[in-house]
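> Take a look at this one; I'll ask things after.
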Amino acid sequence: MADERQLSELTADALGALEEQFPGVAQPAERIGLVIEPHQLVDVATFLRDELDFAYLSCVTALDYPEATDNFPARYEAAYNLYRSEGGPLVLHVHADRDDPVIPSLIEIWPSAGVQEREAWDLMGIRFDGHPDLRRILLWEGFEGHPLRKDWHEPYYEEDQKPFRSRFPDGEPVLDEEDTTFGRNLRYPHDWVEDGVLEIPEGWESEAESAVYKPLELVAAAVKEELGTEQVVLNIGPQHPSTHGVLRMVACLDGETVLGLEPVLGYLHRSHEKIGERNLWLGNMPFTDRLDYITSMYNNFGYAVAVEKLMDVDVPERAEYIRVIMGELTRLMNHLVSVGFLCNDLGIYFTAMLYALEEREFVIDLFEMASGSRMMCNYFRFGGVAHDLPDAFMPMARELVFERFPRRIDELETYLLDNEVFQGRTKRIGVLPPEAAVAYGCTGPLLRGSGVPYDVRRAEPYSVYDEFDWDVVVGNNGDVFDRVLVRFGEMRESLRILRQALDRLPEGPIQGGRVRPNTRVPEGEAYGRVEHPKGELGFYLVSDGGTNPFRYHIRTASFVNLGVLGELCRGNKIADVVAILGSIDITLGEVDR
Amino acid sequence: MYGLGIAKSLGVTMRHFIVTYLDDLKWLFKGGFGSRYTPEALPERQSPSARGIFTIQYPDEEPPLPERFRVFPFHVIDPETGKSRCTACGMCARVCPPQCIWIKRGEDPETGRPAKEPAEFYIDVSICMSCGLCAEACPFDAIKMDQDYEVAAYERFDSLLWDLDKLTEPQSYDVVLHPSDYATDDGSSQ
Amino acid sequence: MSSQESQLPKLPPELQDTVHLSVLDQVYNWSRKRSLWPMFFGLACCAIEMIASFDPRFDLARFGMEIMRASPRQADLMIVSGTVTKRMAPQLVRLYNQMAEPKYVIAMGACAISGGPFKEAYNVVSGVDKLVPVDVYVPGCPPRPEGLFNAVFALHKRMDQERIKDLRWYQKGECQGIPVPALGPDLVDYLLTDEDIATDYRPPRLHKTVVAEQEEA
């Protein structure tokens, strides 16, 4: 890409300063980045944040190497991707023992590590020393095992990698249900099963629920002593009329004021990462559609950008323009839907949501024309896009972008932004100060609404975004109203990019090089990130040169943005919680993966 | 003045409401009663310049589907041989991301060597994610994506594991679904 | 249906415009099927298509299903749209138990029928029919809104065939709820502790005749 060399120059300066301060500490890692010893990690991290301005920790990945690699023994590893306002990534690797993996926690330095370290503990079993609340986040307390480890097999385990040999050439459809003891995707400890019947031990009780309420009990206990008023612990969800999905929030309330709020995740944890390690590289593309299911084109985009960092394939210009067109249409659709769903949550029951969904129908009509499916597009390929645009696409796209959408956005703005009731419910609610936003790793309209002009399309340009004339939209106050304003502004900027792209779309091939389904991706490690409509979507990929990924980690915007929900809601009324959640704009497929 | 914003919002809603009636009147003057719900009128009612009620009256009206729309795969019968073009190469079974295709390669009854046709071919439609990679990967254009979305069933194990009989359709069916595949040649696809 | 209709007496011509004779079953079923209220049970991607089937283009409200009730007590139909995970399974069964009779379940999408593309995941229940009884299955990933309408019509057809004296909610005795699973080392499903259910549960193999012939040969 255009500025890679410039980025690496900036990082080289940082490396020089690091070497001066801590001589000999940083060793080159297996493929990219540096290896730091665990006992020096906190000092190095503090130096990086304070002296060298690496204020943004983007991604924490847990890796499992059951066998020794070229330079290092068998280990568990944690990889940290750090960025600053100009430059990055600086990738730090920390190794941990196979028998009892412990790594110091970086939550004091970068609070965005909070939820990500909990996920690494949950799925990989690496303990983070110093984390105040190291509980499982996607699975429940009491679950047996750490699923992402290479030696942990799921109950329906068939083979390590697809394609499975039982499908061809001697395929007999044996459904997974027929091969397990209970006919279900279940596996119990040995002493629980006798003769195919489940025997639950005497006095066993599920500890999943009590673990969820533990942090709030501390909050409640702290306040109880003062006045003796009743504190109520309230469960919101997982089934509730808000349209965001199966998110559960546990709130401790004093009357109507929120004392503490904890999001409880994992109700849609579908293990994209474990399945991703079994799939072929191309077979993961339809699975990325299902991450943030509203914006499937952009998830494909992120995955394609990440894998193309590992492969050596050029994307032709027409394909790049088509990618940008699809991407910006997705951004437009996502912001419309986000504002519509926020209005639904605020109580404008269905009217604004239906106006937004009507516009969404036009955008997914375009997607259906180009890719074949309304939602799960599976359109991008490594090196281009799957099909060329049909003839009917351009006239309809032009009419929408030049005529219909500007009118409708103006109408929605008139409908919402001057409305005193809407303003009263969204102004000065959920204010997020800019330093906290960066420290918590927030990205997207959540970050830009607080005044920080950070956009991955400008910070680490990918595709042809630097050939267009567009601006980054920034808000002033960091409240819910400003985030809505930022979304409207981004809708207009998307239309601006779309107008330029539709006018300048070049002719040419749509795929560079022939990529076969069972293609082998060269050995390497890469973190590819894009500016997803909700924030930063990054894929941390490790390839061992084979047809299937070795490690496939997805850093999603909604998951990391949710880490700040508890802080934002404290002190507000319970009715504002819904508005704040709507303005953060999450999709559970992305949060839980 | 407090309330002006609320009045503007109500104005937007009222305008939407009135415009639907004006649109109805426009159709009434253009073609008479019922002209709004003819198949010729459907593309105009669904175009970006449409102003009135945006509903497609399913099941009386079918939604307009583009050519690339994909639901589940099907085999095309080659008009020359009368059978599917599938040679049991296994590419689709290998590339399917959720692995919902089972192929049993046929055997030549005389020589006992593998024959170029499938003895059995199953697709578990309750797992299929409609990605279309099987149709893209097939080197013989034997498997294509169907557009039939009316597949509700009362039973899961009886009706949702489709074998080769259920999956095969004549080529005339494919020509209707994917006309641009047959646009240049006559019969043989690209 | 037609055999029931043929049992009705023939009306004299002067009354044919003003009087309509119908069997009680028909009236009962018609009034129920034309006001089937779904419950908000969107789990994942299929939920977006379910919400899209309420938007102005497809408009499920034309069939009386406009009100989406968040409270299970007021809902008739649970459209399970999306992947059912083990974490969500206790809540799903609890909500199903709380729904008042008559209640129906549509399993929408590949994930609700069988776990779908995520079948091999460690946190996914391979089909909602392992937890609650399902009336109609709609395959697709996700099924188009018209596919969901097709499923609703199939459910209507099934409801048309119900007869009042056979309905389960009018039988004597108490209604047994489904035991709510708990979260342990894996999902603890209390249905499996009963010896009969645990050992007898096997889904029927489709091609059992083919396999039997091969085994005989």
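> Kindly check whether there is at least one residue in segment C:93-116 that is under 23 Å from A:D160 (Cα atoms) and touching a residue at least 40 places away in the same chain (Cβ under 8 Å).
There is at least one residue in segment C:93-116 that is under 23 Å from A:D160 (Cα atoms) and touching a residue at least 40 places away in the same chain (Cβ under 8 Å).
> Under 7 Å between Cβ atoms, at least 6 apart or on separate chains: pull out the pairs that start in segment A:515-544 with a residue that is more than 29 Å from A:L446 (Cβ to Cβ) and end on any residue that is among the polar types (S, T, N, Q).
A:N518/A:T547; A:R520/A:T547; A:V521/A:S543; A:P522/A:S543; A:E523/A:S543; A:G524/A:S543
> Return the only residue of A:L416, A:L366, A:L400 being over 24 Å from A:V305 (Cβ atoms), free of Cβ contacts under 8 Å to residues at least 60 places away in the same chain and surrounded by 17 or more Cβ atoms within 10 Å (Cβ to Cβ).
The conditions single out A:L400.
> From B:P109, B:P114, which residue is more than 10 Å from every other protein chain (Cβ to nearest Cβ) and either farther than 25 Å from C:P139 by Cα or free of Cβ contacts under 8 Å to residues at least 24 places away in the same chain (or both)?
Going through B:P109, B:P114 in turn, the sole match is B:P109.
> Name the single residue that is nearest to B:Y58 (Cα to Cα) among those in segment B:18-39 being of a type in the set (G, A, S) and surrounded by fewer than 13 Cβ atoms within 10 Å (Cβ to Cβ).
Across segment B:18-39, the extreme among qualifying residues is B:G34.
> Next up: Go through segment A:119-144 and give me each residue that's within 14 Å of chain C (Cβ to nearest Cβ) and surrounded by fewer than 16 Cβ atoms within 10 Å (Cβ to Cβ).
Of everything in segment A:119-144, those that are within 14 Å of chain C (Cβ to nearest Cβ) and surrounded by fewer than 16 Cβ atoms within 10 Å (Cβ to Cβ) turn out to be A:R135, A:E144.
> Another question about this same structure. Looking only at segment C:144-196, count how many residues are not charged (D, E, K, R) and not in a helix (DSSP H, G or I).
17
> Let me ask something else. Any chance segment C:78-96 includes a residue that's surrounded by fewer than 24 Cβ atoms within 10 Å (Cβ to Cβ) and within 14 Å of chain B (Cβ to nearest Cβ)?
So far as segment C:78-96 goes, no, none of its residues is surrounded by fewer than 24 Cβ atoms within 10 Å (Cβ to Cβ) and within 14 Å of chain B (Cβ to nearest Cβ).
> Scan (1) within 23 Å of the chain's Cα centre (by Cα); (2) surrounded by fewer than 23 Cβ atoms within 10 Å (Cβ to Cβ); (3) assigned to a helix (DSSP H, G or I); (4) of a type in the set (G, A, S) for the single condition A:S85 breaks and write down its number.
If we test A:S85 against (1) within 23 Å of the chain's Cα centre (by Cα); (2) surrounded by fewer than 23 Cβ atoms within 10 Å (Cβ to Cβ); (3) assigned to a helix (DSSP H, G or I); (4) of a type in the set (G, A, S), just (3) comes out false.
> Against the definition (at the interface with chain B (Cβ under 10 Å from one of its Cβ atoms) and of a type in the set (S, T, Y)), how does A:T414 come out, yes or no?
When the stated conditions are applied, A:T414 passes them.
> Is it true that A:L346 is more than 11 Å from every other protein chain (Cβ to nearest Cβ) and surrounded by 22 or more Cβ atoms within 10 Å (Cβ to Cβ)?
no
> Can I ask one more? On the basis of being free of Cβ contacts under 8 Å to residues at least 40 places away in the same chain, more than 7 Å from every other protein chain (Cβ to nearest Cβ) and either out of contact with any Cys (no Cβ under 9 Å at 6 or more places or on another chain) or closer than 30 Å to B:S9 by Cβ (or both), does A:D388 make the cut?
no
Residue by residue, here is whether (1) without any contact (Cβ under 8 Å) to a residue 24 or more places away in the chain; (2) within 24 Å of B:R105 (Cβ to Cβ); (3) in contact with a Gly (Cβ under 7 Å, 6 or more places away or on another chain) holds:
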{"position": "B:F140", "(1), (2), (3)": "no, yes, no"}
{"position": "B:I143", "(1), (2), (3)": "no, yes, no"}
{"position": "B:Y154", "(1), (2), (3)": "yes, no, no"}
{"position": "B:W162", "(1), (2), (3)": "no, yes, no"}
{"position": "B:K166", "(1), (2), (3)": "yes, yes, no"}
{"position": "B:L177", "(1), (2), (3)": "no, no, no"}
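> Hey, can you tell me all the residues within segment B:59-106 that are surrounded by 20 or more Cβ atoms within 10 Å (Cβ to Cβ), in a strand (DSSP E or B) and either touching a residue at least 24 places away in the same chain (Cβ under 8 Å) or away from chain A (no Cβ under 12 Å) (or both)?
Passing the criteria: B:P73, B:F74, B:H75, B:V76, B:S84, B:I101.
> If you scan segment C:1-57, which residues turn out to be more than 24 Å from the chain's Cα centre (by Cα) and either facing chain A (nearest Cβ under 10 Å) or at pLDDT 85 or above (or both)?
Once the filter is applied, which keeps residues that are more than 24 Å from the chain's Cα centre (by Cα) and either facing chain A (nearest Cβ under 10 Å) or at pLDDT 85 or above (or both), segment C:1-57 yields C:P56, C:R57.
> While we're here: Does segment C:94-113 contain any residue that is touching an Asp or Glu at 6+ places or on another chain (Cβ under 9 Å) and at positive phi?
yes
> Separate question: Just name the residue that is surrounded by the fewest Cβ atoms within 10 Å (Cβ to Cβ) out of those in segment A:54-82 that are in a loop (DSSP other than H, G, I, E, B) and touching a helix residue (DSSP H, G or I) at 6+ places or on another chain (Cβ under 9 Å).
Within segment A:54-82, the match that is surrounded by the fewest Cβ atoms within 10 Å (Cβ to Cβ) is A:A55.
The values are calculated or read from the model by the stated rules, or taken from the named source; none is laboratory data. Note that the structure is a prediction, hence the values are computed from the model and not measured. In this analysis, Cβ positions are derived from the backbone assuming ideal geometry, glycine residues included, and neighbour counts consider all displayed protein chains.
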